[in-house]
1. What helices (runs of 4 or more DSSP H), lying completely within the range B:35-136, carry at least 3 residues that are outside the structural domain of residue B:19 (by TED's automatic domain parsing)?
2. Those residues that are open to solvent by less than 50 Å² (accessible area, probe 1.4 Å) and either more than 11 Å from chain A (Cβ to nearest Cβ) or not in a helix (DSSP H, G or I) (or both), I need them from the range B:162-186; list them, please.
3. With respect to residue A:142, determine if the residue is touching a Pro at 6+ places or on another chain (Cβ under 6 Å) and within 9 Å of chain B (Cβ to nearest Cβ).
4. Going through the range B:12-30 one residue at a time, which ones are within 12 Å of DNA strand D (Cβ to nearest atom) and either over 22 Å from the mean Cα position of the chain (by Cα) or within 22 Å of residue B:101 (Cβ to Cβ) (or both)?
5. Does residue B:155 satisfy being more than 10 Å from chain A (Cβ to nearest Cβ), open to solvent by 10 Å² or more (accessible area, probe 1.4 Å) and part of a helix (DSSP H, G or I)?
6. For the range B:83-114, name all the residues that are out of contact with any helix residue (DSSP H, G or I) (no Cβ under 6 Å at 6 or more places or on another chain) and within 14 Å of chain A (Cβ to nearest Cβ).
7. For residues that are surrounded by 15 or more Cβ atoms within 10 Å (Cβ to Cβ) and over 11 Å from the mean Cα position of the chain (by Cα), scanning just the range B:104-125, find the one that is farthest from residue B:64 (Cα to Cα).
8. Evaluate the following for residue A:37: is it of a type outside the set (D, E, K, R) and either crowded, with 19+ Cβ neighbours inside 10 Å or in contact (Cβ under 8 Å) with a residue 60 or more places away in the chain (or both)?
There are 2 protein chains.
Amino acid sequence: MGRWEPNARGRLETAALELYLEDGFDQTTVAGIAARAGLTERTFFRHYADKREVLFGGAGFLQDLLVDSVTATPASVAPIDAIATALEHAGTFLQERRAHSLQRQAVIEANPLLQERELIKLARLASALAEALRGRGVTEPTASLTAEAGLAVFRVAFETWVDPAETRELPQVIRDSMAALRTITT
Amino acid sequence: MGRWEPNARGRLETAALELYLEDGFDQTTVAGIAARAGLTERTFFRHYADKREVLFGGAGFLQDLLVDSVTATPASVAPIDAIATALEHAGTFLQERRAHSLQRQAVIEANPLLQERELIKLARLASALAEALRGRGVTEPTASLTAEAGLAVFRVAFETWVDPAETRELPQVIRDSMAALRTITT
DNA sequence: TACAGTGATGACAGCAACTGACATCACATC
DNA sequence: GATGTGATGTCAGTTGCTGTCATCACTGTA
């Protein structure tokens, strides 16, 4: 029983995404996910805090990507530009995984509970970005405002990019959206 | 049994807030809320979709307030200024109910699940504001970006205002934050 | 080789959130 | 006073999630 099969987390993640796509999030039971992964329900909850969290395993990576980018930017660069650069990096990462990103987005868009979880991840991201800015000497409320405004740009850009009619790549959409924000507030 | 007692919703809301403050959100059971309100668990779920929703009964009112304000603003006013004015109106409303706002915020801050619900309410608000702007002839992505940026300002301002050390009133904090956003993006 | 420790998992019991179906009571309207 | 309507009670059931303990694979050590 206790034999160690590789990739328990990975198998759970795959099984969950498949079932969420096939049957919908609500119709999928944790027992079903575990069964498809060849594990038990109890084991699922040892790897993920709840039924939703399994879709957000990669969120930490993206956050690190953004924070590292901000941290690596020279202090002479304006805060808003540091955030803009970081967002473009994240955009490149997501652009390279467009298919998976769209699949994931489809599942999330179909369920309000998943949207909540998505929003809290983005909120954490904003906090982390503000913290990174503070680490570079930016004071409040500029740090929080810049981070929040940057995330606002990211949200709008991402939503635009998800549209099948959109031909620009995500980093470009992000650049354009940031430019639009500057225009709006002028 | 079926006798009609006034304010079933109101009684549930009061009972829930009291219990959330006394025992914490997690420790409070729906059965307990219903009992304190003199109702049954089943009836609770007839009025509120879930255990969290009872804290957000007034969200619809605030949304209407904001949307109406945007709609009433003459089309000659720049979108960002229309949003700014609307936010100040909402700020006045919340300032007048500061005690209740802080109580509610304390409960929400103490629980991640409630934070998620709060964020989705704000996201809906952003959508509604963008829609209102579109109704005034503003095109995408300016409408969404302006609404999202406005909400970003509101979030930061609200968080600042909640701080006991803060002496400014909410509308003023909002004005100052909006000015800060303009500075940042310049 | 033997043995103790560690880590992942299974098995099982249980709580609480939430739902569906049906009965009941107060009230309004005819 | 019959009849419909709306809010509530009652009850049974599903499912997300947790606590607890036993089991098995693997590791290090003597």
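1. On the way: elements: B:41-47, B:59-72, B:79-96, B:98-109, B:112-135.
Helices (runs of 4 or more DSSP H) meeting the threshold: B:59-72, B:79-96, B:98-109, B:112-135.
2. Taking the range B:162-186 and keeping what is open to solvent by less than 50 Å² (accessible area, probe 1.4 Å), we get B:162, B:166, B:170-171, B:173-174, B:177-178, B:180-181, B:184-185.
Residues satisfying the conditions are B:162, B:166, B:170, B:171, B:174, B:185.
3. Values: touching a Pro at 6+ places or on another chain (Cβ under 6 Å): no; within 9 Å of chain B (Cβ to nearest Cβ): yes.
So residue A:142 does not fit the description; no.
4. We begin by selecting, within the range B:12-30, every residue within 12 Å of DNA strand D (Cβ to nearest atom); these are B:12, B:26, B:29-30.
If the condition is that a residue be within 12 Å of DNA strand D (Cβ to nearest atom) and either over 22 Å from the mean Cα position of the chain (by Cα) or within 22 Å of residue B:101 (Cβ to Cβ) (or both), then B:12, B:29, B:30 are the ones that fit.
5. Values: more than 10 Å from chain A (Cβ to nearest Cβ): no; open to solvent by 10 Å² or more (accessible area, probe 1.4 Å): yes; part of a helix (DSSP H, G or I): yes.
Taking the combined requirement at face value, the residue does not satisfy it.
6. Passing the criteria: B:109, B:111, B:112, B:113.
7. B:111
8. Numbers: of a type outside the set (D, E, K, R): yes; either crowded, with 19+ Cβ neighbours inside 10 Å or in contact (Cβ under 8 Å) with a residue 60 or more places away in the chain (or both): yes.
Judged against the criteria, residue A:37 is a match.
The values are calculated or read from the model by the stated rules, or taken from the named source; none is laboratory data. All values derive from a computational prediction rather than experimental measurement. Counting neighbours? That spans all protein chains shown, and the Cβs are built from the backbone with ideal geometry, glycine included. We work out accessible area using only protein heavy atoms, side chains counted, and drop any ligands, DNA or RNA first. Shrake-Rupley method; radii C 1.70, N 1.55, O 1.52, S 1.80 Å.
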